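Here is the structure we will look at.
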Amino acid sequence: MPATTPMHSAQRPTQPLLGLPCATVSVAGARDFAVEAVESGRFHSVLFANAAKVVMAERDAVLREALYKADLLAADGQSLVWASKVLGTPLPERVAGIDYMIDLLGVAETHGWRVFLLGGRDEVLEQVRAFCRENHPGLTIAGTHNGYFDAERDPEIAAVVRASGADLLFVGMPSPRKEYWIVDHGPATGVALAVASGGSFDVIAGAVRRAPMLWQRAGLEWLWRVVQEPRRLWRRYLDTNSRFLAMVAREKIRQRR
């Protein structure tokens, strides 16, 4: 385990799962973590793991270290919950990133937190703003910035977030850029909590259709995405899912030995 594992006051217990320290946290526990983190006034981060991220982290040592640095690494993927049960280290439940973001928008409104949205396209950010105005009229959006900027501008963007006075930062960039960005520049933003929101902005904006609940419960959101974009995604998910299953099988064999 890298020596960079965080020790902030709001951190939740973890257990190893396929080489990553997944938090043994329920949806309610993840919400409580956010409240404790923001109330502490010190920087905390929430990152998410799924089958694709596990496979990616096996190949990418920098990403793996970034995931270790998270104060809360939640299992956003039913496949991870299933794998945890097969391997004898069961996680309480899935914490879906999109649901977590929507939940925290309501918590932020209730607690008077200032929110910054970083990532996505400008038109998507405007739709997320519209969603917030309609569903959380008391919520303060401290600022927004699209995700289309070069790495050399990272310190400048972090300064923009700091100047906004935001308490809570949602980072809607692709992986692994969002994980790198939160770990490398999150503390400089001045927020108390940075959440890796990934594609949540697109879902909230209506630019991407989320899988029906039945597909979600069956752990088939990946298949729903393939159905939406078969030419672009079928090969990627075939490779990722095969590698993930192989990792689970290898770990189970190792345990038996």
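Okay, residues lined up against (1) in contact with a helix residue (DSSP H, G or I) (Cβ under 7 Å, 6 or more places away or on another chain); (2) of a type outside the set (Phe, Trp, Tyr); (3) touching a residue at least 60 places away in the same chain (Cβ under 8 Å):
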position	(1), (2), (3)
Gln15	no, yes, yes
Ala30	yes, yes, yes
Glu36	no, yes, no
Ser40	no, yes, yes
Phe48	yes, no, yes
Ala57	yes, yes, no
Trp82	no, no, yes
Asp103	yes, yes, yes
Glu109	no, yes, no
Looking for something touching a helix residue (DSSP H, G or I) at 6+ places or on another chain (Cβ under 6 Å), at pLDDT 95 or above and in a loop (DSSP other than H, G, I, E, B) - is there at least one such residue anywhere in the stretch 122-133? no
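Considering Gly106, Gly97, Gly119, which residue is at positive phi and not charged (D, E, K, R)?
Result: Gly119 is the single residue among Gly106, Gly97, Gly119 that is at positive phi and not charged (D, E, K, R).
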For the stretch 142-150, does any single residue satisfy the condition of being over 21 Å from Phe48 (Cβ atoms), aromatic (Phe, Trp, Tyr) and surrounded by fewer than 20 Cβ atoms within 10 Å (Cβ to Cβ)? yes
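Residue by residue, here is whether (1) among the hydrophobic types (A, V, I, L, M, F, W, C); (2) touching a Cys at 6+ places or on another chain (Cβ under 7 Å); (3) within 17 Å of Gln15 (Cβ to Cβ) holds:
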| site | (1), (2), (3) |
| --- | --- |
| Glu58 | no, no, no |
| Gln78 | no, no, no |
| Leu87 | yes, no, yes |
| Pro92 | no, no, yes |
| Leu118 | yes, no, no |
Which residue, of Ala74, Ala52, is at pLDDT below 95 and either within 20 Å of Lys178 (Cβ to Cβ) or touching a strand residue (DSSP E or B) at 6+ places or on another chain (Cβ under 6 Å) (or both)? Ala52
Are there helices (runs of 4 or more DSSP H) fully within the stretch 207-257 with at least 2 residues that are at pLDDT 85 or above? List them. 230-256
Pair list, Cβ < 8 Å and 6+ apart or interchain, from the stretch 211-227 residues that are under 19 Å from Ser242 (Cβ atoms) to residues that are in a helix (DSSP H, G or I) and at pLDDT below 75: Trp222/Tyr237; Leu223/Tyr237; Arg225/Leu233; Arg225/Tyr237; Val226/Leu233; Val226/Trp234; Val226/Tyr237
The lone condition Thr89 fails out of (1) of a type outside the set (Gly, Ala, Ser); (2) at pLDDT below 95; (3) buried (at least 22 other Cβ atoms within 10 Å of the Cβ) is (3)
Any residue in the stretch 155-173 that's assigned to a helix (DSSP H, G or I): show its pairings with residues that are of a type in the set (S, T, N, Q) at Cβ separation under 7 Å, as long as the two are six or more apart or on different chains. Ala158/Thr189; Val161/Thr189; Arg162/Thr189
Could you pull out the residue among Val38, Val62 that is over 25 Å from Asp239 (Cα atoms), outside any loop (DSSP other than H, G, I, E, B) and of a type outside the set (Gly, Ala, Ser)? Val38
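The values are calculated or read from the model by the stated rules, or taken from the named source; none is laboratory data. Just so we're clear, the structure is a prediction, and the values are computed from it rather than from any experiment. Neighbour counts are summed over all protein chains in view; Cβ atoms, including those assigned to glycine, are modelled from backbone coordinates with ideal geometry.
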